[in-house]
Amino acid sequence: MLEERIENLVLNSVIGDCINFKKNKKYNQYTFYHRGQLCMSYISQQMIIMIKSLIPSLKEISVNCDITRLGKELDLWQEYKISSNKSLNLSNADIYWKEYDDSLTSRILPIIIVNNDFKVITDEIIKVAFKTTGNIENLIETIALARIYYNIVNDLDINYDTIIKEIKQDIINISVKDIIENIEFKFSLKTYNGKYIIDFERCRIEMLNMLNSINSNRFSVFRESLNIIKDKVNTYESVEATFTNYLIVSGFSNKKIQLDFINKSFIKNLISYLIKLRKGRISPEQLEIKNHSYPNVFKFNKGNEFYHTLLNRCKVIGKKDDDNEIKMLIQNKSAIYGFKKAKI
């Protein structure tokens, strides 16, 4: 059943992220929020942001990312993020073009769940990817992973040879000309250190060579994913706990991992929302923002209630203000957020 399959793979993927993050030394920096429980890192948080930025198209049978909404969500996320990477902490052109955004592996999943047309999916992934990184390898690897995700979500063939054949065609179909002409880069292409088209084609060829069994040190996440498919791994204990690994193992296993984590009920609600979007049961008018209010959440005190366009009705349930930083726990109808801000 579609609904059950999607729920299992999303929950299992998030749990993979939670387990991985708890082993990370940065986990202890957020005890004010998780208090020793499993919690999502920025990887799964980026999936949530993507879900909140989706909107059905008025022109086509598709669900697209509202880039403006995504930008606002990313700005707010900087205040409640659970760890991060250099790419998401975007500060200059050098970081934009060079750094790898590992959260793309989770951000593409909602796009794949709500759309049936893989061409639409590819176009949306390209648009979304360039919001945080211009790294060529990152983009090509993400599109390769998208085919695996797509087949798992739709219960299609995940035979190793079939997947390889499909991904080859997907990589060939990427048009660097269309990217240059249609994508709004975060930084001007003139700031790219090199010849973009030549570097893009070299990276494309290296991916195709790898798909033809020529060794490569690049595309590490994708290589690990292919190994899981090749070996038909169906136990979570057999792989490193990550968002992507657990998602792919879900393609071979019907098992739902029975672990709790902070905001699990929120994720379940979002899964139901994704399925409604996929089935066309939500109109663009229902998602139209009518009340634009973006207050500085750090000005509120414990017990205060307020409205924020991206969070809806909220209440401050905890606040600690010391010499170095402000920490806040903010709750809305769906979830609890841990806001954190260093004092300058």
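The values are calculated or read from the model by the stated rules, or taken from the named source; none is laboratory data. None of the values given here were measured: they were computed from a predicted structure. Here the Cβ is made from the backbone with ideal geometry for all residues, glycine too, and neighbour counts use every protein chain on show.
For L58, state whether it is under 15 Å from the mean Cα position of the chain (by Cα), modelled with pLDDT under 95 and either surrounded by fewer than 18 Cβ atoms within 10 Å (Cβ to Cβ) or assigned by TED's automatic domain parsing to the domain that holds S220 (or both). Before you say what the answer is, go through the steps one by one.
Details: under 15 Å from the mean Cα position of the chain (by Cα): no; modelled with pLDDT under 95: yes; either surrounded by fewer than 18 Cβ atoms within 10 Å (Cβ to Cβ) or assigned by TED's automatic domain parsing to the domain that holds S220 (or both): yes.
Here the answer is no, as L58 does not meet what is asked.
Each residue in the range 83-97 was checked for being over 17 Å from K26 (Cβ atoms) and surrounded by fewer than 16 Cβ atoms within 10 Å (Cβ to Cβ), and 3 pass. Among the residues making up the range 1-53, those that are buried (at least 18 other Cβ atoms within 10 Å of the Cβ) and not in a helix (DSSP H, G or I) are L38, C39, M40, S41, S53. Exactly one residue out of K177, K190, K255, K186 is in contact with a helix residue (DSSP H, G or I) (Cβ under 6 Å, 6 or more places away or on another chain), among the charged types (D, E, K, R) and assigned by TED's automatic domain parsing to the domain that holds R107: that is K186.
Every listed requirement among (1) more than 23 Å from the chain's Cα centre (by Cα); (2) within 20 Å of N151 (Cβ to Cβ); (3) of a type outside the set (F, W, Y) is met by N217 save one, (2).
Contact map, the range 262-282: residues that are closer than 22 Å to Y42 by Cα paired with residues that are crowded, with 17+ Cβ neighbours inside 10 Å and among the acidic types (D, E), Cβ distance under 9 Å, separation 6+ or inter-chain. Pairs shown: K268/E7; I271/E7; S272/E7. For beta carbons closer than 7 Å, sequence separation of 6+ or different chains, a first residue in the range 307-327 that is in the same structural domain as Q29 (by TED's automatic domain parsing) and a second that is at pLDDT below 95, there are no qualifying pairs. Tell me, which residue of the range 213-228 that is modelled with pLDDT of 95 or more and among the polar types (S, T, N, Q) is farthest from L104 (Cα to Cα)? Selected residue: N227. For the range 131-159, taking the residues that are of a type in the set (S, T, N, Q) and closer than 16 Å to S175 by Cα, the one that is surrounded by the fewest Cβ atoms within 10 Å (Cβ to Cβ) is identified as N135.
Might you let me know whether the range 134-155 holds any residue that is assigned by TED's automatic domain parsing to the domain that holds D178, charged (D, E, K, R), farther than 18 Å from R5 by Cβ and within 13 Å of the chain's Cα centre (by Cα)?
Restricting attention to the range 134-155, the residues satisfying the condition of being assigned by TED's automatic domain parsing to the domain that holds D178 are 134-155.
Going one step further and asking which of them are charged (D, E, K, R), we end up with 137, 141, 147, 155.
Then keep just the ones that are farther than 18 Å from R5 by Cβ; that gives 137, 141.
Add one more test, that the residue is within 13 Å of the chain's Cα centre (by Cα), and what stays is none.
No.
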